[in-house]
Amino acid sequence: MFKANPVKQKFDEYYTRKKTFEDITLFIPNNKIIYEPFYGVGQSVTYLKELGYEIRYKDADFFTDEILQPEEYDIIITNPPFTLKKETLKRLREINKPFILILPMTVIFTKYFHEIFGADSKDLQFIIPNNKIHFDCEYILKDNTSFYSFYLCYKMNFENSVNLIKI
């Protein structure tokens with residue numbers, strides 16, 4: 001997935017709950033192949049398969065190794081490592097495939113977000129929940145997330161640019 005920096009890895013070992021994917025099933029096409037580059041301990045792959053999606057993943061460094069070829073998948077859906085948000089967004093723009101990312105809300109206010117998407121913001125869409133998305137740490141349920149998250153979508157061609165959901 002990525003060559004772990006021991007200092008950063010400590011803050012990146014939080015995992016997406018099945019409910020987080022369930023909350024957006026209306027936005028994920030059933031007939032598309034999903035690539036999950038940051039699958040952690042495999043929970044997200046399992047959850048997406050349980051929800052009926054065809055998933056691809058590869059044990060490779062998303063930033064430096066050869067990842068799946070673009071023709072092997074249709075959409076990228078992932079929760080990127082917290083400390084590698086900027087690098088992930090840059091890499092996804094290089095790949096230029098549709099994606100849905102789970103990110104902290106503060107990302108949209110960063111200089112790097114505007115530099116990466118400023119000229120091409122027409123392809124951005126948002127799924128915004130009405131509550132905090134919570135994450136697990138080493139299979140421990142943590143319902144005390146200190147920040148709000150949203151789903152950043154790119155080239156997903158939703159009917160609306162901003163989609164509010166109740167979770």
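The values are calculated or read from the model by the stated rules, or taken from the named source; none is laboratory data. Everything quoted here is computed from the prediction, not taken from an experiment. Every residue, glycine among them, receives a Cβ derived from its backbone with ideal geometry; neighbour counts consider all protein chains shown.
The combined condition, being part of a loop (DSSP other than H, G, I, E, B), surrounded by 19 or more Cβ atoms within 10 Å (Cβ to Cβ) and out of contact with any strand residue (DSSP E or B) (no Cβ under 8 Å at 6 or more places or on another chain), is not fulfilled by PHE113.
Looking only at residues in the stretch 93-115 that are of a type in the set (D, E, K, R) and touching a residue at least 12 places away in the same chain (Cβ under 8 Å), the one that is farthest from TYR39 (Cα to Cα) is ARG93.
Out of contact with any helix residue (DSSP H, G or I) (no Cβ under 6 Å at 6 or more places or on another chain) and at pLDDT 90 or above: which single residue out of PRO98, PRO70, PRO80 fits that description? Step through it out loud before you land on a result.
Working: PRO70 fails: at pLDDT 90 or above; PRO80 fails: out of contact with any helix residue (DSSP H, G or I) (no Cβ under 6 Å at 6 or more places or on another chain).
After applying the criteria, what remains is PRO98.
Filtering ILE28, ILE55, ILE34 for residues that are in contact (Cβ under 8 Å) with a residue 24 or more places away in the chain, in contact with a helix residue (DSSP H, G or I) (Cβ under 7 Å, 6 or more places away or on another chain) and of a type in the set (A, V, I, L, M, F, W, C) leaves a single hit, ILE34.
When PHE62 is tested against (1) assigned to a loop (DSSP other than H, G, I, E, B); (2) surrounded by fewer than 16 Cβ atoms within 10 Å (Cβ to Cβ), just one condition goes unmet, and that condition is (2). Among the conditions (1) within 26 Å of TYR47 (Cα to Cα); (2) crowded, with 16+ Cβ neighbours inside 10 Å, THR145 misses just one, which is (2).
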